[in-house]
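To keep things clear, I will list the structure first and then write my remarks on it.
Throughout, read-outs are computed from the coordinates displayed, never taken from laboratory work. From a predicted model like this one, the values you see are computed outputs, not experimental measurements.
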Amino acid sequence: MTRQTRSLVIALLSLWLTSAGCRTNAPSHQAAALTFFGWSDQHVSVDGNGEHLVPAIDAMNALPGKPYPEAIGGTVEKPAFVFGLGDISEWPSRAALDTYEQLITKRLTFPSYDIAGNHDLGGLSPSNTVLHWLIQRYGALRYTFEKGGVCFIALFSEYDEKLNDPAQPISKAALDYLRQALAKVPKGQPVVVATHLCFEAITNRDELVDAFGTANVILVLGGHYHKATVNQYREINFVQLPSPEPKSAGEFTVIRITPDRLIAMPFNYRDNAWTTDKRTMLDAAIKVPARMQVQEQTTEPRK
Ligand SMILES: [Zn+2]
């Protein structure tokens, strides 16, 4: 496929927008707490070997009911879903995708939401295998959904291979979609924006934060650099979700959102312990007006 054809295909794929997601005029509903797990950069190999994902998934399945570190208190509730932030595949082969699909639908016991990463586009040898699967499963490469009164925006961003640099801007098409999606979110409703690029990699952070406008964006999730990090920029919390690849620390992140508190805690499944690295954990106060809490959407992705 030529670069032009590939750009056209990606542009067309990006046009699949979904009407489902965060709704206006939703009835008021006070959600007590929302828990979800996050990971990224699973990099299932081209031949379909995804063995390195198994300990992470098994640890996710086993974590509910376990106590948080003392400073946080309480126990981990059952997660509403698991968010995967892209680079599902090392290269988007059918074998890699089949393995990933089997793992998240058969082994993982919670629903999964996913976003494409740069590897899922296929780099210099593009393939639409993972992109088509994402569209089939979630309705679009960019989509929104709602859980526990929080609006989630899964923000696929086009990746420019010819920059030959992992640090990239969030694409113009992604920023346009983000502004349109946020315009439909009821004023004050908490929003989590998730994209493959992490804070460290995003070269147009100001453009991204400007696109938030007056929306109540409480958290931006990224992946891409394979390790858990936390940054604050212009009063926005940026959390990078870790990778389960064999050379990584062996973590996934537990995120808990209540009306007034936001927690992101990496759990190390190789050590069977919470991280002790303060730079990778977030425990922040948030102020969300109770009137903006909206009812949880009941639609789940297809299993
Ligand atoms: Zn990446």
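For all pairs of alpha-carbon atoms in the stretch 21-292, what percent lies in each bin of width 10 Å, listed from the first bin to the last filled one? Percent of Cα pairs in each bin: 7, 32, 38, 20, 3, 0. Measuring nothing but how far apart in sequence close Cα pairs (under 8 Å, 6+ apart) lie, relative to its length, the stretch 39-96 scores a relative contact order of 59 percent.
Per-residue 3J(HN,Hα) values for the stretch 152-162, derived from phi via the Karplus relation 6.51 cos²θ - 1.76 cosθ + 1.60 with θ = phi - 60°, read 9, 10, 8, 10, 5, 10, 4, 10, 9, 4, 6 Hz in sequence order (x marks Gly and Pro).
Across the stretch 60-76, coupling constants 3J(HN,Hα) worked out from phi with the 6.51/-1.76/1.60 Karplus curve, θ = phi - 60°, read 4, 4, 8, 6, x, x, 7, x, 6, x, 3, 4, 9, x, x, 10, 6 Hz, and Gly and Pro carry x.
What is the gain in length, in nm to one decimal, between Glu235 and Asp98 on full extension, counting 0.36 nm per residue of separation less the C-alpha to C-alpha distance? Before the final figure, lay out each step's value.
Values: separation 137, 0.36 × 137 = 49.32 nm, distance 3.99 nm.
45.3 nm is the gain from fully extending Glu235 to Asp98.
Structural descriptor for the stretch 21-292: relative contact order 21 percent, calculated from alpha carbon pairs under 8 angstrom and at least 6 residues apart.
So how much slack lies between Asp47 and Ala33, counting 0.36 nm per residue of separation and subtracting their Cα-Cα distance, in nm?
On the way: separation 14, 0.36 × 14 = 5.04 nm, distance 3.99 nm.
Result: 1.0 nm gained on full extension.
Taking θ as phi - 60° and the Karplus parameters 6.51, -1.76 and 1.60, the scalar couplings of the stretch 40-57 work out to 7, 6, 6, 6, 4, 6, 4, 7, x, 6, x, 3, 5, 7, 4, x, 5, 5 Hz in sequence order, x denoting glycine and proline.
Relative contact order for the stretch 139-244: 23 percent, from Cα pairs under 8 Å spaced at least 6 residues apart, divided by residue count.
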